[in-house]
1. Filter the stretch 48-60 down to the residues that are open to solvent by less than 40 Å² (accessible area, probe 1.4 Å) and not in a loop (DSSP other than H, G, I, E, B), then identify the one that is modelled with the highest pLDDT.
2. Restricting to the stretch 26-47, what's the tally of residues that are loosely packed, with under 12 Cβ neighbours inside 10 Å and either among the acidic types (D, E) or out of contact with any Lys or Arg (no Cβ under 7 Å at 6 or more places or on another chain) (or both)?
3. Which of the residues that make up the stretch 13-25 are modelled with pLDDT of 80 or more and either within 20 Å of G55 (Cα to Cα) or surrounded by fewer than 14 Cβ atoms within 10 Å (Cβ to Cβ) (or both)?
Amino acid sequence: MAKNEEEVKRLKSLSSKKGKGNRKCSRCGTVKGLIRKYDLNLCRRCFREVGEAIGFWKER
Ligand SMILES: [Zn+2]
């Protein structure tokens, strides 16, 4: 299944179209604990949830 890749692309396009300077979680809107490592603009909590869904956190 390519669902995981689709989810990543969707999240990336969501966060990139808001432009630079937008340091908010694209999912819940918090400004705390953001992870921008994967260009997702997600906070740690959302990253964890989404990450599990798309397979980033398989080992945990
Ligand atoms: Zn969030």
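The values are calculated or read from the model by the stated rules, or taken from the named source; none is laboratory data. The structure displayed is predicted, hence computed values, not measured ones. Glycine gets a Cβ as well: all are built from the backbone with ideal geometry, and neighbour counts include every protein chain shown. Surface areas here come from the heavy atoms of the whole protein model, side chains and all, with no ligands, DNA or RNA. Shrake-Rupley method; radii C 1.70, N 1.55, O 1.52, S 1.80 Å.
1. Ranking the qualifying residues of the stretch 48-60, first place goes to V50.
2. 5
3. R23, C25
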